[in-house]
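Below you'll find the structure, written out as structure tokens, and then a few comments.
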Amino acid sequence: MGRKTAKHVPRNQKKYWRKISTQDIEDRLEDVRVQEMTGGRRADQPDHVLYHIDNELPLGAKSPSAEETEYTAPILRSTGKKRQQLDLNNLNTYKILQPHSSVLPPAVDARPTKNPSSKRTKRLVETQEIVETRRAATKKYQTAIKQRSEAFEKTALDKAGKIELDDPHVSQGYDLWNMRDEKKEKVRSAVGSDMASYMEQIYQTYDWKVPKHITKKPTKLPAIETPLPGTSYNPTFDDHQGLLQKAVEVELEKERKELKLLRNLPKPLTQSAAEPIKQSYLKEMSAGIFDDDIENEQANDKNSFFGLNSVSIGKPVTVDTKTVAQRNKEKLRKIKDAEAKAAKEKRIQDNKFFRLKSIRKEITKESLEQQARDKKRKIEYENREKFGTKKFGRYKFEDADLDLNLSEDITGNLRTMKAEGNLLHDRFKSLQKRNIIESRIRAKPTKTKVKRYEKRSVREVGHRLNHPGVHIPHGVQYKTPHNLPDEYADHPLYPPIRPKYPPGSWGSMDPKKAWMHFELGEKHYRHLKSVKERLTIMAYQNMICYYDKLDVEQINSKLIWMLTGRPRSPRSLPFYKHITQTHVTDELPKFYEQMDVESLLNYVKPILIDRILTDEYAQKDDIPLEDMYDKGDYKVSSIMNEKKLKIDQQRTTNTLTKMIRTIINVLAEHKPHLRQALVGSDVPIEAWWSLNTNGSKYDRAKWHHDSDTTSFQFRDKAAVQVKTDKPLKSIVDPNSSLCQTPVPFCPYQAPSFKVFTDRYLPMQIPGHWHGEGHDFNLLSIYSMDSIYQHDSYFNEDELLPSLMSWIVNAGHAELLAQAYYLGFSMWREPTYPLIAQTIVSNRRQWIFGVYQLNTIAHFKPRDAYTTSNICWVSPIMNLYERIENGELVNFNDDVLRHLLRFILNEPVEQPDWNLRPYVDDLTNLDERYKKFIRNLYEVVKLEKQDSREHHRWARVHHDTTVFNRRYAMMTTLFKDIVFDNYPREWYGRTLEKIERKKNMPLFKEYDLLLPVTR
């Protein structure tokens, strides 16, 4: 039968094409290729290349002479003669084998010549030189060893020849140092076996191996390490801050290890998880006590035995059978799944085959990475062997604590320096670190526990509690307590009734909230002995703990309304007057007009004009790098305006600082209070306070203690600030009618004036940290250039009210932070008024303001205020109109006159004033408590806040959890002080957990004779 073919199959496919042999075409192409390789195609070559004329003689014939070659007669051959002899060296068959192609024969050495300047050639030459050097060194070393052994043997023989033995049994020809067997036999035959053994024992030499560590140090660490620069008795600020940062990192690393250990430990049982265990424990311990329960259980068991209580609660069991069609479908589905799986595996395998190049690259990359890791591991191992500390004993080496002094302890001289550390302890740790001795710890003295017991004769057995009205069960005996009376009192005694409101003015505040505020203030001043503790607790109380969607504990700061010096909205003066409780007047006090500064004005004026002109011409615009190379006409206007604003602000700050320093240096010769004044630039000003809402609905930034109050935080920078150690005298009496003028109420909320909330740590900074001295401010100047950033919001008639709002806000915040540093707070009003002199300027325009702080208890309602703060503001004045031809045009002496009056306002200290009435004397405190106070305040100082401005559309996230962790760490390190002096809500998260575990009830505290209460 023939091959069956498929019917109705299209014949245009490749497998149905007719197969035709192409061997002749391939042979022709191969012949052409051979011709081209052997001199070119035969059809293209001339005849003299393809053919030649054979003029040679027949085989065996002699070559004709020169004469015969001129004319050669034809040779007549006869058939009878013999043929000539063949010349085997000149056969045509050999000539055919000679190459006649135009292609040159290949060279003998087809390898490319070496380039002497290439890297590979140089590397081969260097490798050959190294090999030859090693061979020479090895040969030289072997020759030296051979010569040394021969010389040693010769020396030994010479010494043996010179030894004269006194023993007559030993011949003079005995060689003691010869170790050859033949000579040993000769000696043994000459002196005898016993004497030979004795001589070998006496004169035997030993080749002791010297240990390697005899001449090698156990470590390459120096015996005396160079101390850090921050440990100097008078270090620089950066070195000291670096040392403090290193100490903080060490403590954080210890905390991290402790938290890691706590995470790995099993978590304690919660109350809900421990409840079944308690119930089972109670049930087991009370088994057999109640007979009724036992009878009921027996009855239930009996009923269950007879099937009275047996009820099936499960679903009925049903068996589903499949049809033949369902089974076939399932079988086909399994077959298809198997085929798809096999096809997928084949496809993956094929893809791997086509990925050989990428796989090779991956393998190469992994090998390079592995080599880099091995190299790094080898370097680490070598460094560990050279500089590491090994473990010889039971304990692991731990570095000693850093010896450091805090900023308060640095005095700048060796005489008053507080010594830290111990030389003996330092040397002991150095020996351990350099692997000279093993790591050790101080052995704890063990004391035998004293067993205390009560004598039988002293025990009080059988006494009953004889207090009237107490029921004593039969058969139960108790000891008689000594603190209870035996009889009732004649007249009942009751505790005193607390008044409705605590001492002070509280207005319409809820009595419960009034007592809450009063007790909170009493608790602050009773438990916290220093200002630094109060500032830290104020920041810690603003932390909030909540749980996210995954029930993970999160800690962050609460929301606060963020304020800056410059207002962001026009017509905002009523709002700032309301939140600061300030009454504003549009003229300076008459007090300044009484000061005569005309003589000093004529003396200072030319110096100041020269300084202004010098700074204006000396300061040049810094051309950015992108403007230097970008010559395009298009530039973003907002970016250029921002750059110009920053440059103008820096110019203003530099000019104002130099002006104030010049005036103070000139006047310090005649004014003693200016000699001790401190001048700073770009000084941060921050203040926090709580404000009563007075019925207004503030949905955000509510204070955690009182929902009717909200919190504000002021943040700004003063361009120049002058500080003294004495306060300025008050302008008006706090009890005067001007200070008792009520401040109008502003019904609008903060967002209406572009004031928004953010999570921030409450801070009080009047320009310096607490404890640095010079707690009173003489003068503060702010740069006005930043207000033009919002010039689209301000008209010409709205500029003065906006600047007045700036002076009110900045003066209040500066004095509020200063009051907290002096010991006052929202619960303790200042006992004397505080004065601040504030100036806002942009070098040309000046506005002066004086602020008197009388009250800071803003958390009380409006009807509780007995006094208000006062602010005096001058109109805007121009120091000069413009600079033309190196001169100031229309210089205004009134501006310079006001400036001199502000600087010459001498601070005085009234004899009846106690500047810090609520600050305790800390001289008698324990040194450990003082250290705890310093470290606690360092937690607040180390908190890095964000310096960007706060906008609604640019949210700023602060890492305030760092403060919480540091506070918890510090309170845990000084937990003995915290347990003795602080209430529980100030413990910190770590101590709270410890205290919660300590007070958690245990199972053994349950009494089975008492009823269980839930």
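Filtering 955, 984 for residues that are at pLDDT 50 or above and either among the charged types (D, E, K, R) or open to solvent by 80 Å² or more (accessible area, probe 1.4 Å) (or both) leaves a single hit, 984. Take the stretch 827-848 and flag every residue that is assigned to a strand (DSSP E or B) and open to solvent by 10 Å² or more (accessible area, probe 1.4 Å). 828, 845 - these are the residues of the stretch 827-848 that are assigned to a strand (DSSP E or B) and open to solvent by 10 Å² or more (accessible area, probe 1.4 Å).
Scan the stretch 838-860 for residues that are in contact with a Ser or Thr (Cβ under 7 Å, 6 or more places away or on another chain) and either of a type in the set (S, T, N, Q) or closer than 19 Å to residue 764 by Cβ (or both) and the total you get is 8.
Screening the stretch 665-690 for residues that are in a helix (DSSP H, G or I) and open to solvent by 70 Å² or more (accessible area, probe 1.4 Å) and picking the one that is farthest from residue 564 (Cα to Cα) gives 672. Within the stretch 818-867, being under 15 Å from residue 916 (Cα atoms) and of a type in the set (D, E, K, R) holds for 828, 829.
Residues that are farther than 22 Å from residue 922 by Cβ and either in contact with a Gly (Cβ under 8 Å, 6 or more places away or on another chain) or surrounded by fewer than 22 Cβ atoms within 10 Å (Cβ to Cβ) (or both) within the stretch 764-780 comprise 767, 777, 780, listed in sequence order. Based on this model, can you work out whether residue 851 counts as part of a loop (DSSP other than H, G, I, E, B) and more than 20 Å from residue 520 (Cβ to Cβ)? Against the criterion (part of a loop (DSSP other than H, G, I, E, B) and more than 20 Å from residue 520 (Cβ to Cβ)), residue 851 does not qualify. Just wondering, is there one or more residues in the stretch 425-440 that are under 18 Å from residue 227 (Cα atoms) and open to solvent by 100 Å² or more (accessible area, probe 1.4 Å)? No, there is no match, as no residue in the stretch 425-440 is under 18 Å from residue 227 (Cα atoms) and open to solvent by 100 Å² or more (accessible area, probe 1.4 Å). Does any residue of the stretch 521-537 turn out to be open to solvent by 10 Å² or more (accessible area, probe 1.4 Å), in a loop (DSSP other than H, G, I, E, B) and acidic (Asp, Glu)? Checked against the condition, which is being open to solvent by 10 Å² or more (accessible area, probe 1.4 Å), in a loop (DSSP other than H, G, I, E, B) and acidic (Asp, Glu), the stretch 521-537 yields no hits at all. Could you list, in sequence order, all residues of the stretch 750-762 that are open to solvent by 10 Å² or more (accessible area, probe 1.4 Å) and either of a type in the set (Val, Ile, Thr) or touching a strand residue (DSSP E or B) at 6+ places or on another chain (Cβ under 8 Å) (or both)? Hits for the stretch 750-762 are 756, 757, 759. For residue 930, the requirement of being at pLDDT 60 or above and open to solvent by less than 80 Å² (accessible area, probe 1.4 Å) is met.
Taking the criterion of being part of a strand (DSSP E or B) and β-branched (Val, Ile, Thr), the residues of the stretch 854-876 that qualify are 870, 873. Can you say whether residue 872 is touching a Pro at 6+ places or on another chain (Cβ under 6 Å) and more than 30 Å from residue 536 (Cα to Cα), as far as the supplied structure shows? Against the criterion (touching a Pro at 6+ places or on another chain (Cβ under 6 Å) and more than 30 Å from residue 536 (Cα to Cα)), residue 872 qualifies.
Here is a yes/no grid of residues against (1) closer than 26 Å to residue 717 by Cα; (2) open to solvent by less than 40 Å² (accessible area, probe 1.4 Å); (3) among the polar types (S, T, N, Q); (4) not assigned by the TED database to the domain that holds residue 708:
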site: 851; (1), (2), (3), (4): yes, yes, no, no
site: 872; (1), (2), (3), (4): yes, yes, no, no
site: 883; (1), (2), (3), (4): no, no, no, no
site: 917; (1), (2), (3), (4): no, no, no, yes
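Screening 338, 419 for residues that are at negative phi, small (Gly, Ala, Ser) and open to solvent by 80 Å² or more (accessible area, probe 1.4 Å) leaves exactly one candidate, 419. Tell me yes or no: at least one residue of the stretch 227-239 is outside any loop (DSSP other than H, G, I, E, B), touching a His at 6+ places or on another chain (Cβ under 6 Å) and either of a type outside the set (Lys, Arg) or surrounded by 12 or more Cβ atoms within 10 Å (Cβ to Cβ) (or both). Yes: one or more hits. Checked against the criteria, residue 973 does not count as hydrophobic (A, V, I, L, M, F, W, C), under 17 Å from residue 770 (Cβ atoms), surrounded by 11 or more Cβ atoms within 10 Å (Cβ to Cβ) and at pLDDT 70 or above.
In summary, residue 796 fulfils each of the numbered conditions (1) open to solvent by 10 Å² or more (accessible area, probe 1.4 Å); (2) in contact with a Ser or Thr (Cβ under 8 Å, 6 or more places away or on another chain) with the single exception of condition (2). Please enumerate the residues belonging to the stretch 381-408 that are part of a helix (DSSP H, G or I) and either touching a residue at least 40 places away in the same chain (Cβ under 8 Å) or open to solvent by less than 80 Å² (accessible area, probe 1.4 Å) (or both). The answer is 382, 383, 385, 386, 387, 407, 408.
The values are calculated or read from the model by the stated rules, or taken from the named source; none is laboratory data. Please read all numbers here as calculations on a predicted model, not as lab measurements. We place every Cβ from the backbone using ideal geometry, glycine too, and count neighbours over all the protein chains shown. Note: areas computed on protein heavy atoms with side chains; ligands, DNA, RNA excluded. Shrake-Rupley method; radii C 1.70, N 1.55, O 1.52, S 1.80 Å.
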